[in-house]
Every structure is written in structure tokens, then in C-alpha cells.
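Below is one structure; the comments refer to it alone.
The values are calculated or read from the model by the stated rules, or taken from the named source; none is laboratory data. Please read all numbers here as calculations on a predicted model, not as lab measurements. All Cβ positions, even for glycine, are placed from backbone atoms using ideal geometry, and neighbour counts span all protein chains on display.
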Ligand SMILES: Cc1cc2nc3c(=O)[nH]c(=O)nc-3n(C[C@H](O)[C@H](O)[C@H](O)COP(=O)(O)OP(=O)(O)OC[C@H]3O[C@@H](n4cnc5c(N)ncnc54)[C@H](O)[C@@H]3O)c2cc1C
């Protein structure tokens, strides 16, 4: 590849903070709020014009991981409960008690946007929207500042402790912290996917919906639509006047802009073919329309920042507990086919219908694949997220939050859901504030004290 040398220029430091949080998604919002509520001067940097990450930009719903495995017992409360209750007062989520009776917290993305705005403002966090973190300036294993790019130009935000909540480990990667990605033997990550909202469905009867699903399934069996399920009549948000399915799938590396571009274009075409098909062939669906697609294709997995502990699939299956637990997860090892195979393929498990035809199946690493029965934490139980999975190796003042914490391909397949990301974020924010208060690196904090403060 041809290379060019950039002329180095002076970069203005636009803000100096105690704690700098990069990324305003489920892992970043709580980190910023928690750090600010514990006395730190906080800057939160977000590339879009709103916060929420995949919960808003990805239309992903519901929020999973708030209760123990196959149980209604809450395992995450704190800021997740507060956010849910604040959304409820605006009509955008059920009550907390109702949400705990359901498998996920249904919510409205627009309500989450304004709740996040208000909570961030009330906490006194300085927010930079429309701002991309593009680099990090590192001296002797510590980040001095992150470089940001916005309409204001190239600037720097300096800080004492940095929290990487970009989902993709962008800060860690730019700072030179070690990261790993995907399956141990080939680096393939879970397939990407997206949500859509389908409107014009008010008059559709249950019989028409069932018939439409059967028609779509028949097309999928012919290889017509590259979906992994035909459950498009599901309602994952709080409002019932539209369907909000999660059925698309696209393979690739979410840290490769060519793969991201192919995924956006490919999924958009699929979705439009599907809507046209419904209108033309499904009785009752003539008025169906595409009300919204997600702002971005959703990466399920990309870079995992290597920490002082790496969460594994065994930790999930055994419901492992840790002395330095700072959050709890209950979602299972939910690996969407990394090759992007669609119906009848769903998960990467030994029961996969492709079996011998799958290059992974034929490979010597098949033994690392799990059976359906080996994916879940024990019923009524959870696994802990240890604090050491948040402390980045080699960069002393960097904490990681959300889906890019230190985990294997199997470990992150459970810990990636939004309820768990919010819990991790709250922990990262508290730890960052404590490190600033105590004048130490996050790694030097006592994880058992964090555990007591966060989980009792
Ligand atoms: C198809 C699909 C279905 C899913 N289904 C569910 C589900 O039903 N329930 C559930 O709970 N979870 C689900 N998930 C998982 C969940 O959505 C994510 O794992 C979760 O949102 C991760 O939170 P995060 O904050 O770590 O990252 P993100 O949600 O990706 O948020 C990262 C934020 O950082 C910002 N950002 C990124 N890079 C930069 C940068 N360089 N500079 C500035 N800002 C930056 C982004 O704009 C974004 O706001 C699903 C994911 C996918 C892809």
C-alpha cells in the first residue's frame, strides 16, 4: 500500500479532565455518570449526535442480562434501574418490577436518548457529541490525552484516567494496548446484524402474521432472504404499533471499513427486498413500510482489550464468582455464526445443521465448539465480571467498559449484552473516580472494596 507522511501540527488541548470516557453507549453513559457522581471532573466523547450506542443507533432491544439465568431475580440494579425508571416516567419503558418479570427490558430508543442527555447533564459531565476519538498520546505506558476530530478540527482531551467504552477498543488499540479478536484459531468474530422497524401493521391479524411468516420461511428455505430467523413480527420495543425484528446477518470484521461498508449495503438491500416481498405477497401487508433502519450495522464482537483477567466461556457455564466481582452477567454463550451463514444455521454449536460442510467443523479446533446444553450459567444463577477484566494490560491509566472488556470469543458472547454493559460501565466509572481520588492507577485499587461498594 502507498503511504504518505503527515505534517505534524500543534494540537490544542480543548479540555482537561480527571476522567475521560470515549464512547457514549451502554458501557460509556454509566461510566461517565458514576465517575462524575463520585466527584471526578468528567468528559464524555461520542461520535454521533446522541448517546445510547447500539441501544439507540442500532435500534437494539430489549436490554438483556438484568435478571439471573431463567429467573426473575434482578442481578443488575444501580444505574440500569435508574435509567429504566426514568424511561418509565416518560412512557418509554415498563416499571422496574414489570421489567424483571420479562426476559428483557423493552424500551423506546428516543426516550433513552433524552434520559441519557438529562442524566449526563445533571451529573455535570462535559459532553462532546459529533466527535470521534482518533488517537491517543502515550508517555511511559500512560495516556496523556486522546486526539479528537470534529467540525472544530483536530483537538486533544487530556485526563488522568481514561475509559474505553467505544465497543471496539479504539482507545486501547490506538494507545498500543494489546487486544485480541475473535476465535483463537482464525480471528473470525460473530457475525454483524441489525434491527429494523416495520410500520403500517395496525390492521394485521394474527392469522395474517402467521401466514406471512410461513411465506418468508419458505423463501428463506429457497435461499431467497439471507436471514437467520423469520420472527419478524416480534415487538422488542415498548410500543406495539410496529414490528422490531432482529433477523439480518452479515459476516466480516467490524474494525475493517471495507467489511463495514459491504455489510451496510448488503443488509439494506436484503431488507428492502423483504419489505417489497411482504407488500406483494403477504395478505394484509400491502401498507407495510420500513419505518426505520439502524444508523449503523451492529458489531456483535470486535476487539477485546486484554486485561489482567480474561473472562471465558467456562466462567459463564459454571456461573463463576470472583473476589473482585464488580458486575454480574447472566446471558449465555450466544455465538452467531462467524461465517455469516443464515437459516437454518443460527448459532455456532455442535448441533449446527451444516456440520461436516462447515470449514470450522472440519478443522482441528472443532473440539472448542459447545453443545446447546453447555452454553448457559446454572438456572437462577449468574457469573461475575471481575474487576481485572476492566484493567488494560500495558497502559496503566486505562479502564475498559462494555463489550470490549477482556474476554475470550466465548466469554464475550455472554458479557456483551446491554444490561451487563451498563453494570460494567458503572463499575468502570466508580473505579476511575477512586483512582483519581487516591492518586493511583486503576490497577492498584483493591477490587474487593469495589465489590463491596457496587454489589454489597
Ligand atoms: C444484531 C445485534 C443484536 C443484539 N441484540 C441484543 C439484545 O437483544 N439485547 C442486548 O442487551 N444486547 C444485544 N446486543 C448487544 C449489544 O447491543 C452490544 O453489545 C452493546 O450495545 C455494547 O455496548 P457498548 O457500550 O460496549 O458499545 P456500543 O453500544 O457499540 O456503544 C459504543 C459507543 O461508542 C461510540 N464510539 C465508538 N467508537 C468511537 C470513537 N472512536 N470515538 C467516539 N465515539 C465512539 C459509538 O458511537 C457508540 O455510541 C446485540 C448486538 C447486535 C449487533
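Of the conditions (1) assigned to a helix (DSSP H, G or I); (2) within 22 Å of residue 145 (Cα to Cα); (3) within 16 Å of the ligand (Cβ to nearest atom), residue 437 satisfies every one except a single condition; which number is it?
Here residue 437 clears every test but (3).
May I ask you to list the residues in the stretch 16-47 that are surrounded by fewer than 24 Cβ atoms within 10 Å (Cβ to Cβ) and either part of a loop (DSSP other than H, G, I, E, B) or near the ligand (Cβ under 8 Å from one of its atoms) (or both)?
38, 39, 41, 47
Let me confirm something: among 172, 156, which residue is within 14 Å of the ligand (Cβ to nearest atom), part of a strand (DSSP E or B) and modelled with pLDDT of 95 or more?
Of 172, 156, the one residue that is within 14 Å of the ligand (Cβ to nearest atom), part of a strand (DSSP E or B) and modelled with pLDDT of 95 or more is 156.
Checking residue 51 against (1) surrounded by fewer than 20 Cβ atoms within 10 Å (Cβ to Cβ); (2) within 15 Å of the ligand (Cβ to nearest atom), only one condition comes out false. Which one?
So the condition that residue 51 fails would be (1).
Please go through the stretch 175-185 and pick out each residue that is away from the ligand (no atom under 15 Å from the Cβ), at negative phi, assigned to a loop (DSSP other than H, G, I, E, B) and in contact with a strand residue (DSSP E or B) (Cβ under 9 Å, 6 or more places away or on another chain).
Across the stretch 175-185, the qualifying residue is only 178.
Of everything in the stretch 48-94, what is closer than 19 Å to residue 121 by Cβ and not in a helix (DSSP H, G or I)? Give them in sequence order.
Correct list: 48, 49, 50, 51, 52, 56, 90, 92.
From the residues in the stretch 136-179 that are surrounded by fewer than 18 Cβ atoms within 10 Å (Cβ to Cβ) and within 25 Å of the chain's Cα centre (by Cα), which one is farthest from residue 405 (Cα to Cα)?
The selected residue is 150.
Being in contact (Cβ under 8 Å) with a residue 24 or more places away in the chain and either within 16 Å of residue 71 (Cβ to Cβ) or not assigned by TED's automatic domain parsing to the domain that holds residue 29 (or both) is the filter here, so list the residues in the stretch 83-106 that pass it.
99, 100, 101, 102, 103, 104, 105
Testing residue 106 on (1) more than 12 Å from the ligand (Cβ to nearest atom); (2) under 24 Å from the mean Cα position of the chain (by Cα), one condition comes back false. Which one is that?
For residue 106, the failing item is (1).
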